[in-house]
Amino acid sequence: MSFLDYEFMVRALRAALFTGIAAPAVGTYLVQRRLALMGDGIGHIAVTGVGLGLLTGQSPVWTAVAVAIVGGLLIEFVRERGRTSGDVALALIFYGGIAGGVLVTGLAGGSAQTLHNYLFGSIATVDSTDVWTVIALAAAVIFLAGGLAPQLFAVCQDEEFARVTGVRVRAYNVLTSVMAAVTVTVAMRTVGLLLVSALMVVPVATAQQLTRGFKVTLVTAMALGGVAAVAGVVTSFYINVAPGATIVVLALAGFVAAWPVGSLVRYRRRVRAPFQAGDDALPHTVVPELHGHTHGDDCGHPAVPHGDHVDYVHGGHRHATHGDHYDEH
Amino acid sequence: MTPATDGQAPGQAGGRVGTVIQITDGNLTLGSRPVLRGINLTVRRGEVVAILGSNGSGKSTLIRGALGLIPWGAGDVRLFDTPLKDFRDWQRVGYVPQLMTATSGVPATVAEVVGAGRLSRRRLLLPMRHADRQAVRRALESVDLLDRRSDALSQLSGGQQHRVLIARALAVEPDLFVLDEPNAGIDHASQLGLVTTLRPLVAAGATVVIVLHDLGPFEELIDRAVVLRDGRMVYDGAPPQDGSLHEFHTHHHPRRVVDTVPMRSGWDL
């Protein structure tokens, strides 16, 4: 019997796929702004939202969305204002959020298990209304993150320049925070609030091992996130482990696999990067004789452009043919 | 204190030339510290103005304020005859910030960064049009980086990264170029390359405002110099003759005709 014959598995896979794509879409912008841990912070704050939902009898998803958005905007406010004490302020917000959540859940008479479902995900208990909520919210995030990519990219890359092109920087910063908050709550049911940040950040880290451009990184990260999320749910079906943790471990495995490739690519790039064309009068050592070896395209020594000629990197030296001798550049 | 070079009313001069930047009695405070005081500056269309001054004199703050990046405490500031807060015509402004050393968290290609210059002309949710792509291409060509357009910004040297920022402003196709210290941390050859890039734009009537430590190779382009000292304008007139601030006097020099600047071609020096 295939896992697709189980109704709850189909629901879980749908939710996982959309979450897996949406999380890195927002994560790319957070990483770009060096706010990789913002998702984590919002996740902590959302715990309070879950607690409030349990206390008031509302759906914890919606109270979590509301509180997460407030938290996201608070973090954005701290980022915009305080440059120096920013991380301390963020820490206060994080711990306040998780402590408040545990406290409020306790007041609501919720057990540790109830909270556990939100902290580490409980994708198998997702009912069909939840699935459609997750899909709708995730689809909205994906649409905005993709459609407004030029503006969001510009704002994250160089805020001041973006402002001089007439982009309403603050609106886009707020939008990024709201998208992050919504994504966190969406992913709460799949990977859980404590692991959501991993799904936002790890696929981006993996993608940029191999990519050079922003758009490519964005798309690759979304694809990697989707694959990890679906594969994680399927794996957890067969070996009976928590899906959230499986998804994150698979995403990390992707990074571990990509990292050596990425370092190799970067190493080769560095070796082949042209030397700065310098002043010809710069001192260099003239080696009076040719050394029995003719450098060429296929001699195996890295050939690196250097101004108007090519240097061959040769045991720590840079050889350049000059008439009947070599120059050491 | 300020030589009255902008004695004539803005927009006068035969009624045809508008003003590009106009600051009247501008005061600017950063963190309760007054940084700019009593600024009266008018930049007319087609002028090439150097903002000179030592470190901390407020010259970068002046142009960042003029672009609305920092709020003014007092004074009337207009861009293209429009009060700053109502100004929406951003495709007329191309800004080249100081070279930033920290690259962002996610890689971005040269073409992507330059493409940001088209944002003031693009519509929400629509892809780049042909004109946008052509403008990016031309901008990259004029800083001689077209062959690097698919490379990550971080793969480029400092001087090349600065050229990317210049290309980004060129891609805007603006009427006003604002350059913040294009000679800070940039080698002489690259500065000459920038002069070569700006020369035809100036000839075509672009307005340029450049923040500089000293005129250096930019001297041939400059019509007018504004000198700041401790947040006040202490000079506004013809550029100091020797291009050096240290021997700067507060009286006018007749403008030297500069026709002997070595004409070196482009960026590949």
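The values are calculated or read from the model by the stated rules, or taken from the named source; none is laboratory data. Predicted model only: the values in this text are computed from it and were never measured. Using ideal geometry, Cβ is built from the backbone for each residue, glycine included, and neighbour counts are taken over all protein chains shown.
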**Asked** Of the residues in region B:142-169, how many are assigned to a helix (DSSP H, G or I) and either surrounded by fewer than 22 Cβ atoms within 10 Å (Cβ to Cβ) or more than 10 Å from chain A (Cβ to nearest Cβ) (or both)?
**Response** 15
**Complete:** Residues in region A:120-144 that are within 12 Å of chain B (Cβ to nearest Cβ) and in contact with a helix residue (DSSP H, G or I) (Cβ under 9 Å, 6 or more places away or on another chain) total 1
**Message:** Being touching a strand residue (DSSP E or B) at 6+ places or on another chain (Cβ under 8 Å) and closer than 20 Å to A:Val169 by Cα is the filter here; which residues of region B:44-70 pass it?
**Reply:** B:Thr61, B:Ile63, B:Arg64, B:Gly65, B:Ala66, B:Leu67, B:Gly68, B:Ile70
**Complete:** Looking across region B:88-112 at residues that are facing chain A (nearest Cβ under 7 Å) and among the aliphatic types (A, V, I, L, M), the single one that is farthest from B:Ile21 (Cα to Cα) is B:Val106
**Message:** Residue under question is A:Thr105, and the condition is that it be assigned to a helix (DSSP H, G or I), on the phi < 0 side of the Ramachandran plot, more than 14 Å from chain B (Cβ to nearest Cβ) and surrounded by 24 or more Cβ atoms within 10 Å (Cβ to Cβ); does it hold?
**Reply:** yes
**Residue count, region B:113-139 (criterion: at the interface with another protein chain (Cβ under 10 Å from one of its Cβ atoms) and in a loop (DSSP other than H, G, I, E, B))** = 6
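For (1) modelled with pLDDT under 95; (2) of a type in the set (A, V, I, L, M); (3) in the same structural domain as A:Glu80 (by TED's automatic domain parsing); (4) in contact with a helix residue (DSSP H, G or I) (Cβ under 9 Å, 6 or more places away or on another chain), each residue gets a yes or a no:
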| residue | (1), (2), (3), (4) |
| --- | --- |
| A:Ala162 | no, yes, yes, yes |
| A:Gly192 | yes, no, yes, yes |
| A:Val227 | no, yes, no, yes |
| A:Val233 | yes, yes, no, yes |
| A:Ser236 | yes, no, no, yes |
| A:Leu264 | yes, yes, no, no |
| A:Tyr267 | yes, no, no, no |
**Request:** Go through (1) facing another protein chain (nearest Cβ under 8 Å); (2) in a helix (DSSP H, G or I); (3) over 17 Å from the mean Cα position of the chain (by Cα) and name the single condition B:Lys85 misses.
**Result:** (1)
**Asked** (1) at pLDDT below 95; (2) surrounded by 14 or more Cβ atoms within 10 Å (Cβ to Cβ): which one isn't true of B:Gly56, the others all being true?
**Response** (2)
**Message:** Can you list residue pairs whose Cβ atoms sit under 9 Å apart, with the first residue in region A:25-48 being at positive phi and the second being modelled with pLDDT under 95 and of a type in the set (Gly, Ala, Ser)? Count only pairs 6 or more apart in sequence or on different chains.
**Reply:** A:Arg34/B:Ala102; A:Arg34/B:Ser104; A:Arg34/B:Gly105
**Fill in**
Just one listed residue, out of A:Val155, A:Val196, A:Val164, A:Val202, is buried (at least 24 other Cβ atoms within 10 Å of the Cβ), within 14 Å of another protein chain (Cβ to nearest Cβ) and under 15 Å from the mean Cα position of the chain (by Cα), and it is A:Val202
**Item:** Residue check for A:Gly41: in a helix (DSSP H, G or I), more than 21 Å from A:His116 (Cβ to Cβ) and not hydrophobic (A, V, I, L, M, F, W, C)
**Value:** no
**Message:** Being out of contact with any strand residue (DSSP E or B) (no Cβ under 8 Å at 6 or more places or on another chain) and on the phi < 0 side of the Ramachandran plot is the filter here; which residues of region B:172-193 pass it?
**Reply:** B:Ala184, B:Ile186, B:Asp187, B:His188, B:Ala189, B:Ser190, B:Gln191, B:Leu192, B:Gly193
**Complete:** Filtering region B:75-104 for residues that are surrounded by 15 or more Cβ atoms within 10 Å (Cβ to Cβ) and over 30 Å from B:Asp187 (Cβ atoms) leaves a count of 10
**Item:** Members of region B:190-217 that are modelled with pLDDT of 95 or more and in a strand (DSSP E or B)
**Value:** B:Thr207, B:Val208, B:Val209, B:Ile210, B:Val211
**Qualifying position, being of a type outside the set (D, E, K, R), free of Cβ contacts under 8 Å to residues at least 60 places away in the same chain, closer than 25 Å to A:Val256 by Cα and in contact with a Phe, Trp or Tyr (Cβ under 8 Å, 6 or more places away or on another chain), among A:Thr211, A:Thr206, A:Thr165** = A:Thr206
**Message:** On the basis of being modelled with pLDDT of 85 or more, touching a Leu at 6+ places or on another chain (Cβ under 9 Å) and in a helix (DSSP H, G or I), does A:Ile69 make the cut?
**Reply:** no
**Request:** Kindly establish whether A:Ala180 is modelled with pLDDT of 95 or more and within 14 Å of chain B (Cβ to nearest Cβ).
**Result:** no
**Complete:** Exactly one of B:Leu41, B:Leu28 is under 18 Å from B:Asp230 (Cβ atoms), within 18 Å of the chain's Cα centre (by Cα) and at pLDDT 90 or above, and that residue is B:Leu41
